[in-house]
Amino acid sequence: MTLTIQPLGKDTYSLWNEYVKQHPDSTICHLAEWEDILSSVFKYKTYYFFASRNDRICGILPLAHVKTMLFGNMLISTPCCVYGGVCVDDEITRKKLEDRAIDLAKSLCVDYLELRQQSPDTQGWPYKNLYHTFVKDIDADPEKNYKSIPRKQRAMIRKGIDNGLYSTVDTDIDRFYNIYSTSVRNLGTPVLQKQYFKSLFEIFGDGCNVLTIEKDGKPISSVFSFLYNNTVLPYYGGGLPQAREYKAHDFMYWELMRRSCESGISRFDFGRSIEGTGSFAFKKHWGFKPTPLYYRQWLVKARKTPDLRPDNPRYRLYVNIWKKLPLVIANSIGPRIARGLI
């Protein structure tokens, strides 16, 4: 049967998502709604392709073109997302979709093409061996989950409880954004625009939530999570300076796990981290085992892909300057820079 490749249209969103939801390798990052978010919020040019045989979808590949003066010119599947790349029924379809992506990358004269796969492939592409993800099953019984956490980390959770912390589920992103923007400024990182989080909240609806930790009636830490395919994925989190003192981060992730298992969620995805960083160590201390992510890359104009890690010595001066900016200034100019930190 003839294999055809077509661009995604509004009239095929539902067919695309039906395919994504039944594919074993799919993630929330593959849903068609991301095309709207990437194009409307970040103004990326999107190229969402699907392959079909006999009017039946047999593969998808979401792509977005990210071009910035500071960070380069890239074709990514998928920017702003931990995961991406192709979901296909067979290797022939994979080859056809990837060839289409390579042709597009060449026509756009990008520096490189990147597919954020979760597993290695057989096509011989080089990988960016940078990130690991942390995923494990959780029990329906909160007590069993608590006992599975290593002893030292349980002690941090108990300290949070003893400090009088408690959690609430927010119905908007206002408190989260105030905390998150403060947190990333303190780390020296430009913040993503508030409209991005509003769009996620509006478009995904019950597919995301915001959990905020309070102390004496005041919010001190907050996390924005995705919910997909019986998995909770805490995606963006932050805390005010006093959060560390009260052990709010440990308590926050425990509360997210506890609430999630009680609502029927069976997997906890701690997201990606770079080996050697504090977040990588934090997740290991929770008893999660790192699994490498295979960000496959096809170089077009670049001889090698740029190192965009925050700990790159090249950016050290900028990070230190950013930490000292007044929050109102950081939140004003940060989104224009952050759109290139994909």
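Some notes on this structure:
- Where Ile60 falls short, out of the listed (1) free of Cβ contacts under 8 Å to residues at least 24 places away in the same chain; (2) within 20 Å of Trp125 (Cβ to Cβ): (1)
- Residue check, Arg316 open to solvent by 60 Å² or more (accessible area, probe 1.4 Å), modelled with pLDDT under 90 and more than 23 Å from the chain's Cα centre (by Cα): yes
- Search result, residues across segment 126-163 that are open to solvent by less than 40 Å² (accessible area, probe 1.4 Å) and within 16 Å of Ala248 (Cβ to Cβ): Gln153, Ala155, Ile157, Gly160
- Residues in segment 118-149 that are charged (D, E, K, R) and part of a loop (DSSP other than H, G, I, E, B) were compared, and the one that is nearest to Pro7 (Cα to Cα) is Asp121.
- Residue in segment 183-203 that is farther than 30 Å from Ala32 by Cα, part of a strand (DSSP E or B) and not hydroxyl-bearing (Ser, Thr, Tyr) present: no
- Matching residues, segment 252-283, being charged (D, E, K, R), surrounded by 16 or more Cβ atoms within 10 Å (Cβ to Cβ) and modelled with pLDDT under 95: Arg272
- Within segment 79-90, none of the residues are in contact with a Ser or Thr (Cβ under 9 Å, 6 or more places away or on another chain) and more than 17 Å from Leu31 (Cβ to Cβ).
- Condition met for Lys128 (in contact (Cβ under 8 Å) with a residue 60 or more places away in the chain, more than 18 Å from Thr231 (Cα to Cα) and in contact with a Ser or Thr (Cβ under 7 Å, 6 or more places away or on another chain)): yes
- Single condition Ile213 does not satisfy, out of (1) among the hydrophobic types (A, V, I, L, M, F, W, C); (2) under 30 Å from Ala101 (Cα atoms); (3) touching a Ser or Thr at 6+ places or on another chain (Cβ under 6 Å): (2)
- Test for Gly84: is it free of Cβ contacts under 8 Å to residues at least 24 places away in the same chain and not charged (D, E, K, R): no
- Test result for Asp170, closer than 17 Å to Pro219 by Cβ, open to solvent by less than 40 Å² (accessible area, probe 1.4 Å) and more than 19 Å from the chain's Cα centre (by Cα): yes
Matching residues to (1) modelled with pLDDT of 95 or more; (2) over 26 Å from the mean Cα position of the chain (by Cα); (3) among the polar types (S, T, N, Q):
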residue: Pro120; (1), (2), (3): no, no, no
residue: Pro126; (1), (2), (3): no, no, no
residue: Glu143; (1), (2), (3): yes, yes, no
residue: Ser181; (1), (2), (3): yes, no, yes
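The values are calculated or read from the model by the stated rules, or taken from the named source; none is laboratory data. The shown structure was predicted, so the numbers you read here are calculated from the model rather than taken from an experiment. Glycine also receives a Cβ, built like all others from the backbone with ideal geometry; neighbour counts cover every protein chain displayed. The accessibility values were calculated without ligands, DNA or RNA, using every heavy atom of the protein model including side chains. Shrake-Rupley method; radii C 1.70, N 1.55, O 1.52, S 1.80 Å.
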